[in-house]
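The values are calculated or read from the model by the stated rules, or taken from the named source; none is laboratory data. Since we're looking at a predicted model, the values are computed, not measured. Using ideal geometry, Cβ is built from the backbone for each residue, glycine included, and neighbour counts are taken over all protein chains shown.
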Amino acid sequence: MDSNFERLTWDDSIWRGTREFYLEVENLPKDIWEENQHDEDRPTRAMLLEMISILDGMERLVSIAESEVLEENPVLKNWLTSILGLQRRMARSLEKVGVFPVPSLGRPFDPHIHEAVEIKPLDGFPPATVVEVQEKPYRWGNSIVRVGKVVVTPKGNSVSPTNNG
């Protein structure tokens with residue numbers, strides 16, 4: 001091998017230089033290049049939805065754990081502690097990329113955030129109020145990444161459950 005040739009390592013400066021060269025050739029505006037540069041580091045909506053689904057599964061596991069059985073079985077209690085730790089880590093990971101659950105329980109039904117899966121008349125609640133959250137809605141920045149599935153109190157014909165059957 002000729003000593004004039006050194007092994008080239010691909011790093012960010014080479015990548016940026018290559019992109020800048022092609023931008024000059026293609027004559028693209030710099031703001032488009034800067035906008036697309038940040039897209040490479042952003043998670044995709046599909047990936048976020050998958051992470052939210054995994055978080056939902058962890059929450060379901062925790063919710064079905066019976067405290068009496070856990071007190072009697074230290075192995076199961078440690079298992080639940082591990083699941084809770086993973087659940088917190090997943091929630092923090094989503095928060096780091098700007099994904100947060102939208103508070104819904106006890107709030108007015110919003111068709112942009114919620115999907116009514118059931119209407120349940122309950123005394124003491126205003127019309128079209130979320131009384132149960134089956135799946136939390138999540139926002140990513142200023143947009144809703146997942147609509148929540150909720151149970152609401154009735155309000156005339158404006159709120160109707162989705163037919164999932």
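Worth pointing out:
- Just one of the listed residues (146, 139, 88) is of a type in the set (Lys, Arg), closer than 27 Å to residue 46 by Cβ and loosely packed, with under 14 Cβ neighbours inside 10 Å, and it is 88.
- Verdict on residue 121 being over 23 Å from residue 55 (Cα atoms), more than 23 Å from the chain's Cα centre (by Cα) and either at pLDDT 90 or above or in the same structural domain as residue 49 (by TED's automatic domain parsing) (or both): yes
- The set of residues from the range 96-105 being at pLDDT 95 or above and either under 13 Å from residue 154 (Cβ atoms) or outside any strand (DSSP E or B) (or both) comprises 102, 103, 104, 105.
- Members of the range 64-82 that are of a type in the set (Gly, Ala, Ser) and at pLDDT 85 or above: 82
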